[in-house]
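The values are calculated or read from the model by the stated rules, or taken from the named source; none is laboratory data. Only a predicted model underlies this, so the values are computations on that prediction, with no experimental measurement involved. Every residue, glycine among them, receives a Cβ derived from its backbone with ideal geometry; neighbour counts consider all protein chains shown.
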Amino acid sequence: MAIDVEAVLRDLDLEQKVSLLAGFDAWHTMELPGVPAMRCSDGPAGVRGTSWQGPRSASFPCGSSLGASFDPALVEEIGHALGREARSKGVNVLLAPTVNLHRTPIGGRNFECISEDPWLTARIAVGYVRGVQAEGVAACIKHFVANDTEFERMSISSEVDERTLRELYLAPFEAAVAPLDRGGAGVQALMSSYNKVNGTFASEHSELLRGVLREDWCFDGVVISDWYGTHSAAASLEAGLDLEMPGPARLRGANLLAALRDAEVTESRVDESVRRLLDLFVATGVGERGTEELVDDSVQTRDVIRRAAIAGMVLLKNDVGLLPLALDSSIALIGPNAERGQIQGGGSAKVRPNRPIGVLSAIRGRGLDVTYEQGCSIDKRLAALTGEFVVHYESGDGATADVPTDRLSLMWMDAPAAKIDKAHFGARISGSFVPAVTGDWQFGVTSVGAAVLRINGEVVVDLSSPQTGGAFFGMGSPEIRGTVALEQGVPAIVDVDYAVIEYPMLRGLLIGAAPPAGDDPVGDAVRAAAAASVAVLVVGTNDDWETEGEDRDTLSLPGRQDELIARVAQVNPNTVVVINAGSPVAMPWLDSVAAVMQVWFPGEEFGEALADVLLGIAEPGGRLPLTIPRRLEDTPAYAHHPGRNGLAVYGEGLNIGYRWYDAEEIEPLFVFGHGLGYTTFEFGPSAVAGTILTGVDVTVSITNSGSRVGSEVVQCYVEPPAGGPVRPLRTLGAFVKVVVSAGASATVTLHLDERAFSVWDVAAHGWVVPTGEYRVVVGNSSRELREAGSVTR
Ligand code: BGC
C-alpha cells in the first residue's frame, strides 16, 4: 500500500499525528489509517531483525575492520549486501553506521566505530550509507554526537568546544548528510546519542539538531532518539527530534498532547516531523514490502564479507617473512579464540550469525597438519549453556507460554511470546544438558532482575536479590558463579526461576557454564608449539570485553594470554600472533614473536579469510585506522577518561589519535596508517597541482618492488603553515588504495578539496583557510612520509 503523504497529513487528527512521533514497540512505528508501520533494526555489522532470538542473519566485519580496509568502494559493496539483508528482514531503516571516533583505545564500542580519524571515518561511512540506501533502505547514522565512550553513557555530559566538535566529531555526520553529487551520501536518518553535549541532552539539543544539522547542513531526513534516550516531550520536538524510540511513548504521547495544549510547542512542529517521517516511509517502501523475516544466506553476501575481512586484516610485523606460511608447515594453532574465532563484538551490534566459519575447522580444511590447544580461557562471563530446555513464561495477568531453546542466553525488549505482558513477566526454565567431561563444572548467572539456578535440584547460584552493574547494556547483574561436580555423559537437570519484576526497558538472563579446566592448559599449548614448525596464536577479546555499556579498563589482553604468547615464543621462533579484537591491545611480547596481524572482529567468514591470508592465497589488505599505543598513559584522552562528576571533558581538543602522538612527540607501538602486505612498494616522484580554492591534485608514482601482486594505501597529509590558529601538525586529507602487479609501477592521483586546508572559525561561524604555505606530504603511514609539494593561500 503506497502512502499518500498529502492525504494522510490532511486526514490525521492531532492525536494520531502525535502518536506517530513515538514508536509502537521496540522496532516499529505506529500503524494508522493509510500509514503502515516502519521497521528499524540494528546495525552496523549485520541486520538482526526484530528479535534477539529470531531468524539468523549474516555477520559482517566490524567498524574498525571496515576502517582498516581504507576502501570506500568495497565498503559500498558491503552496504549493498546490508541493504539486501535489511530487505530480507522487512526492515526499512538500518540503525547504522556508527561513526563516533576512537577517542580512547578502551572505548567499549570502538569496534563498532571506524577510526580515530574523522576523514577516514567520513569516507568509509559515505561508502556504507550509499550502498545501503541504493537498496531502498535508509541508513540511520549514529550516535549524534560525542558519544565516544560508555562511561555513564545515559547521563554523562561530553564537554567539547565548538571547533573540536566541527573539525572532528561532527565531520563524519556532515559528510554523510551531504548530497551524493557533492561527494556525500544523502543519509536519510540520524540517531541522537544518549549523552549530553555541553550540558544539554543530545536528543533535545536545539543548537546541534536544528542549528548544525538542519540549518547549516540542510538535513531534511528523520532524527530518531537512541533507545530510551528521549528526555522531554516539547523540548525534544522543538529541537528537531522527530521520533522517540522505542515505543510505546514514554515522554511523548499524552505528555506531548498536554504540552501542545499548554502552547509549549506548536502543531506546526508536529506537522514538520510527521511530514519528514512520511517522506521517509515513502522513500523506504513502508507498506510495500513483506514483513516476514527471512534468512538470505547468499553466496554474493558471503563473498563480500570474506573479501572485506581480508581487506581489513592488518599485518603489523613480519620481520623474517614468516608469512605467508609454507604449505608444508605443521601448525600448532593455539589460543582462546583459535577454535571458534570471535566474529563480532557485543551489544546491540550483535546478530545471530548464519554459518560462522571457525578458524580451526577452516585451517584443517586446507589439508594442513594442525594440532589445537586453547591455552587459556578469557571468559569475562562463562559461555552460554547449551542443551535442551523449555522456557515457561508467566505473565502478571496469568497468561502462560512455553518456548523451547537450546541456549540459555536470553534477552527481551518486547514480549517474549504472544499474550505475555512485556512489562510484567517471569520465567521458569527447565531442561537438561549432557556434560562432556567429568569434574567440577562452573556455572554463572547474569541477570536483569532476580534469578535462581538449580542443577540436579541443588541451588548453585542464588541471585534472588537483583543486582546491577554488569552485562545487558550495563543493566544486568555482575556474573555470580557456583560449582557443581558432574559426570560425563550423565544428563544434568537444569532449573531456573526468573522472577516477575516490573522493568520497563529490557530483561535478560545468561546462564553460563564451563567444564573443568585441564591441569596445565598453558603448558599443554607450549608443548604443542614446541612440536610444530609454526605456532599460530589467535588471541584477543570477545563480545563481553568489547561491548556496549562497558568500556575496557586496560589495554592488556584478558586472562593469561600475555604469558601464553611469551611462553610459546620461547619454544618456537616461528610464532605468529593473530590479534582478534576490535581495538588495540598491549603487546609486551612483541619483540619475541616473528609476525603479528590484527584481524579485528571480521564477521562470519573469519575462518576462511584467515586461512587464505595465512597461506598466502590472499594478501592482508588492511592499514591501521587507529594508533596502537605503547601504554594507556600515552593516549590522548588518558588524563580525562572516563570523566568525573558527570562530565567527560574533551581536554585533548583537536589532538586525538595520531595528532596527539605527533604533538606530544610520543612514539606509539604502531602508527596510524601502518600495515604491511606480502610485497614491497617504493614511492617515486610526486607532484602537486591546482589551488586550495579550486582543489589540489596530488600525483604519486609507486612501484611494486616485490615478487607478487599487492595493494598499497597511498596516504596524503596536509601540514599547515606556522602562525595562524593552533592546529595539529598534520592531518589526513586523502587516501587511495591501489593494486599493482609485481614489478609494475602506477601513478595515482589524490584530490584535496578546500576542507582539507580549513579550520572552523567560531567567530565567523564558518570554515576558513588561514593564509600561508601548506606542505603536502605523502606516504604509507602517518609517519613514513615525503614531501609532494606545497600550496599557498
Ligand atoms: C544503542 C543503539 C541501538 C539501539 C537499538 C542502543 O542501546 O546505543 O546503537 O541502535 O540500542 O538497539
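Looking at ALA618, ALA581, ALA594, just one residue is among the small types (Gly, Ala, Ser), more than 23 Å from PRO105 (Cα to Cα) and in contact with a helix residue (DSSP H, G or I) (Cβ under 8 Å, 6 or more places away or on another chain), and that residue is ALA618.
Annotation note: of SER57, SER51, the sole residue that is within 16 Å of the ligand (Cβ to nearest atom) and at pLDDT below 95 is SER51. The residue pairs whose first member lies in region 469-492 and is closer than 29 Å to GLY345 by Cβ, whose second member is away from the ligand (no atom under 16 Å from the Cβ) and charged (D, E, K, R), and whose beta carbons are closer than 6 Å, counting only pairs six or more residues apart or on different chains, are GLU479/ARG381.
Regarding LEU693, is this residue in a loop (DSSP other than H, G, I, E, B), more than 24 Å from VAL75 (Cβ to Cβ), at pLDDT 95 or above and among the aliphatic types (A, V, I, L, M)? Answer is no for this residue. Does region 229-236 contain any residue that is buried (at least 21 other Cβ atoms within 10 Å of the Cβ), aliphatic (A, V, I, L, M), away from the ligand (no atom under 16 Å from the Cβ) and under 26 Å from GLU135 (Cβ atoms)? No: region 229-236 contains no residue that is buried (at least 21 other Cβ atoms within 10 Å of the Cβ), aliphatic (A, V, I, L, M), away from the ligand (no atom under 16 Å from the Cβ) and under 26 Å from GLU135 (Cβ atoms).
Could you tell me which residue of region 513-547 is farthest from the ligand (Cβ to nearest atom), considering only residues that are buried (at least 22 other Cβ atoms within 10 Å of the Cβ) and among the charged types (D, E, K, R)? Filtering region 513-547 for residues that are buried (at least 22 other Cβ atoms within 10 Å of the Cβ) and among the charged types (D, E, K, R), the one farthest from the ligand (Cβ to nearest atom) comes out as ASP544. ARG352 passes every criterion in (1) charged (D, E, K, R); (2) surrounded by fewer than 20 Cβ atoms within 10 Å (Cβ to Cβ); (3) at pLDDT 95 or above apart from (3). Of everything in region 366-385 that is among the polar types (S, T, N, Q) and at pLDDT 95 or above, the residue that is surrounded by the fewest Cβ atoms within 10 Å (Cβ to Cβ) is THR371.
Of the residues making up region 209-228, those that are surrounded by 22 or more Cβ atoms within 10 Å (Cβ to Cβ) and either within 18 Å of LYS17 (Cα to Cα) or of a type in the set (Gly, Ala, Ser) (or both) are GLY221, VAL222, VAL223, ILE224, SER225. Here the strands (runs of 3 or more DSSP E) wholly within region 374-480 that include at least 2 residues being within 30 Å of ARG109 (Cα to Cα) and not hydrophobic (A, V, I, L, M, F, W, C) are 400-407, 439-447.
Just name the residue that is surrounded by the fewest Cβ atoms within 10 Å (Cβ to Cβ) out of those in region 757-790 that are touching a helix residue (DSSP H, G or I) at 6+ places or on another chain (Cβ under 8 Å) and within 12 Å of VAL718 (Cα to Cα). Selected residue: TYR774.
Considering only residues of region 548-564 that are surrounded by fewer than 22 Cβ atoms within 10 Å (Cβ to Cβ) and either under 16 Å from ASP520 (Cα atoms) or more than 24 Å from the chain's Cα centre (by Cα) (or both), which is farthest from the ligand (Cβ to nearest atom)? It comes out as GLU563. Within region 203-228, the set of residues being under 21 Å from the mean Cα position of the chain (by Cα) and away from the ligand (no atom under 16 Å from the Cβ) is empty. Scan region 380-394 and tell me whether some residue there is more than 16 Å from the ligand (Cβ to nearest atom), among the β-branched types (Val, Ile, Thr), more than 30 Å from ASP25 (Cβ to Cβ) and touching a residue at least 24 places away in the same chain (Cβ under 8 Å). There is no residue in region 380-394 that is more than 16 Å from the ligand (Cβ to nearest atom), among the β-branched types (Val, Ile, Thr), more than 30 Å from ASP25 (Cβ to Cβ) and touching a residue at least 24 places away in the same chain (Cβ under 8 Å). The residues listed here are LEU278, LEU241, LEU316; of these, the one that is within 26 Å of VAL132 (Cα to Cα), within 27 Å of the chain's Cα centre (by Cα) and at pLDDT 95 or above is LEU241.
Regarding region 164-173, can at least one residue be identified that is within 16 Å of the ligand (Cβ to nearest atom), modelled with pLDDT of 95 or more and assigned to a loop (DSSP other than H, G, I, E, B)? Within region 164-173 (the criterion being within 16 Å of the ligand (Cβ to nearest atom), modelled with pLDDT of 95 or more and assigned to a loop (DSSP other than H, G, I, E, B)), the answer is no, since none of the residues qualifies. Consider region 450-484 and keep the residues that are on the phi > 0 side of the Ramachandran plot and under 33 Å from the mean Cα position of the chain (by Cα). The one that is modelled with the lowest pLDDT is GLY469. From the set of residues in region 327-349 that are among the aliphatic types (A, V, I, L, M) and modelled with pLDDT of 95 or more, which is nearest to the chain's Cα centre (by Cα)? Top of the filtered list is ALA349.
Only a single criterion out of (1) more than 20 Å from LEU506 (Cβ to Cβ); (2) more than 16 Å from the ligand (Cβ to nearest atom) is not satisfied by SER158, namely (2).
Only one of the numbered conditions (1) of a type in the set (A, V, I, L, M); (2) more than 21 Å from ARG307 (Cα to Cα); (3) within 16 Å of the ligand (Cβ to nearest atom); (4) assigned to a loop (DSSP other than H, G, I, E, B) is violated by ILE141, and that is (4).
Determine whether ALA146 is in a helix (DSSP H, G or I), within 16 Å of the ligand (Cβ to nearest atom) and within 18 Å of the chain's Cα centre (by Cα). Here the answer is no, as ALA146 does not meet what is asked. For region 68-84, the criterion of being over 30 Å from GLU152 (Cβ atoms), within 16 Å of the ligand (Cβ to nearest atom) and at pLDDT 95 or above is met by at least one residue. Taken over region 191-202, residues that are outside any loop (DSSP other than H, G, I, E, B) and within 12 Å of the ligand (Cβ to nearest atom) amount to 3.
Just one of the numbered conditions (1) assigned to a helix (DSSP H, G or I); (2) of a type outside the set (Lys, Arg); (3) closer than 19 Å to GLU784 by Cβ is not true of PRO668: (1). Could you tell me whether any residue of region 765-782 is of a type in the set (Ser, Thr, Tyr), in contact with a strand residue (DSSP E or B) (Cβ under 9 Å, 6 or more places away or on another chain) and assigned to a strand (DSSP E or B)? Looking for residues that are of a type in the set (Ser, Thr, Tyr), in contact with a strand residue (DSSP E or B) (Cβ under 9 Å, 6 or more places away or on another chain) and assigned to a strand (DSSP E or B), one finds at least one in region 765-782, hence yes.
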